[in-house]
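Peer 1: Take this structure first; my questions come after.
The values are calculated or read from the model by the stated rules, or taken from the named source; none is laboratory data. Nothing here was measured: the structure is a model prediction, and the numbers come from that model. A quick note on method: Cβ atoms are made from the backbone with ideal geometry, for glycine too, and the neighbour counts reach across all protein chains shown.
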Amino acid sequence: MADKFESDLDRLLDKFDSQARARDQKREQHKAEEDAFDKEFAALRRDVIRPVLETLATRLKQRGHDFEITEEGRGTDSQGRSRDASIQIRIFPGDMKASRGSEYPMFGFVAVPYKKSVIVHGSNMTPLSGGSAGPRGEYSIKQVTKDLVAQEFIKLFAEVVNK
């Protein structure tokens with residue numbers, strides 16, 4: 001009885017250890033894929049999205065409006081919740097006091113590593129007239145070009161202006 005018990009237990013423990021190694025390898029592979037995606041998104045932010053937002057910001061400033069461009073890397077917030085990497089511009093119309101609240105138009109991109117995609121996020125809200133906020137589209141990194149960034153912004157800004 002003792003020999004069979006030990007033999008069965010050893011067989012099960014060998015299988016258990018093998019499964020644990022496989023999980024560790026899968027976890028390491030997943031982390032490496034997420035890190036690679038983070039690097040791709042950082043390059044996309046720097047080389048594609050930010051230049052379009054800076055052009056937009058220059059035009060806004062020329063027309064008497066203010067803006068704020070923010071970027072965040074993937075990590076955790078102060079409550080320990082997961083936060084995806086992002087870049088966004090918030091627009092403060094010249095005729096309105098900029099309280100930096102959430103009731104101003106916003107346009108941005110959020111990296112979603114587990115889906116290997118980039119989500120366009122926007123808000124057409126303005127003070128005293130409400131609006132909507134949320135996802136506007138989902139793309140692979142390779143689909144996000146300067147033209148796409150510009151087109152998505154124009155769609156959102158048309159909603160702001162035509163309310």
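Peer 1: Note down all Cβ pairs under 9 Å where the first residue falls in the range 50-70 and is within 17 Å of Gly108 (Cβ to Cβ) and among the charged types (D, E, K, R), the second is surrounded by fewer than 17 Cβ atoms within 10 Å (Cβ to Cβ) and modelled with pLDDT under 90, and they're at least six residues apart or on different chains.
Peer 2: Once the first residue is within 17 Å of Gly108 (Cβ to Cβ) and among the charged types (D, E, K, R) and sits in the range 50-70, its partners that are surrounded by fewer than 17 Cβ atoms within 10 Å (Cβ to Cβ) and modelled with pLDDT under 90 give Asp66/Gly94; Asp66/Ala98; Glu68/Ala98; Glu68/Arg100.
Peer 1: Quick test for you: out of Thr58, Thr76, pick the one residue that is surrounded by fewer than 16 Cβ atoms within 10 Å (Cβ to Cβ), under 21 Å from Val160 (Cα atoms), out of contact with any helix residue (DSSP H, G or I) (no Cβ under 8 Å at 6 or more places or on another chain) and not acidic (Asp, Glu). Give the steps one after another, and end with the answer.
Peer 2: On the way: Thr76 fails: under 21 Å from Val160 (Cα atoms).
Thr58 is the lone residue from the list that is surrounded by fewer than 16 Cβ atoms within 10 Å (Cβ to Cβ), under 21 Å from Val160 (Cα atoms), out of contact with any helix residue (DSSP H, G or I) (no Cβ under 8 Å at 6 or more places or on another chain) and not acidic (Asp, Glu).
Peer 1: For the condition in contact with a Ser or Thr (Cβ under 8 Å, 6 or more places away or on another chain) and either loosely packed, with under 13 Cβ neighbours inside 10 Å or among the aliphatic types (A, V, I, L, M) (or both), what is the one hit in Ala150, Ala85, Ala158, Ala111? Can you show your working first?
Peer 2: Numbers: Ala150 fails: in contact with a Ser or Thr (Cβ under 8 Å, 6 or more places away or on another chain); Ala85 fails: in contact with a Ser or Thr (Cβ under 8 Å, 6 or more places away or on another chain); Ala158 fails: in contact with a Ser or Thr (Cβ under 8 Å, 6 or more places away or on another chain).
On inspection, the qualifying residue turns out to be Ala111.
Peer 1: Filter the range 118-163 down to residues that are among the charged types (D, E, K, R) and more than 20 Å from Arg74 (Cα to Cα) and give me whichever is farthest from the chain's Cα centre (by Cα).
Peer 2: Quick first cut of the range 118-163, residues among the charged types (D, E, K, R) only: 136, 138, 142, 146-147, 152, 155, 159, 163.
Next, from what is left, pick out any that are more than 20 Å from Arg74 (Cα to Cα): 136, 146-147, 152, 155, 159, 163.
Values: Arg136: 12, Lys146: 17, Asp147: 19, Glu152: 15, Lys155: 19, Glu159: 22, Lys163: 27 Å.
Applying the filter and picking the extreme gives Lys163.
Peer 1: For the range 1-41, which residues satisfy the criterion of being touching a residue at least 40 places away in the same chain (Cβ under 8 Å) and of a type outside the set (Phe, Trp, Tyr)?
Peer 2: Within the range 1-41, the subset touching a residue at least 40 places away in the same chain (Cβ under 8 Å) is 33-34, 37-38, 40-41.
Within the range 1-41, Glu33, Glu34, Asp38, Glu40 qualify.
Peer 1: If you don't mind, another one. Filter the range 80-129 down to residues that are modelled with pLDDT under 80 and basic (Lys, Arg), then give me how many there are.
Peer 2: 2
Peer 1: Here are the criteria: (1) over 29 Å from Gln29 (Cβ atoms); (2) in a strand (DSSP E or B). Tell me which single one Glu159 does not satisfy.
Peer 2: So the condition that Glu159 fails would be (2).
Peer 1: Looking only at the range 120-155, count every residue that is under 18 Å from Pro51 (Cα atoms) and assigned to a helix (DSSP H, G or I) and tell me the total.
Peer 2: The total comes to 12.
Let's see how each residue does on (1) of a type in the set (A, V, I, L, M, F, W, C); (2) closer than 30 Å to His30 by Cα:
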| position | (1), (2) |
| --- | --- |
| Val48 | yes, yes |
| Met106 | yes, no |
| Val110 | yes, yes |
| Lys115 | no, yes |
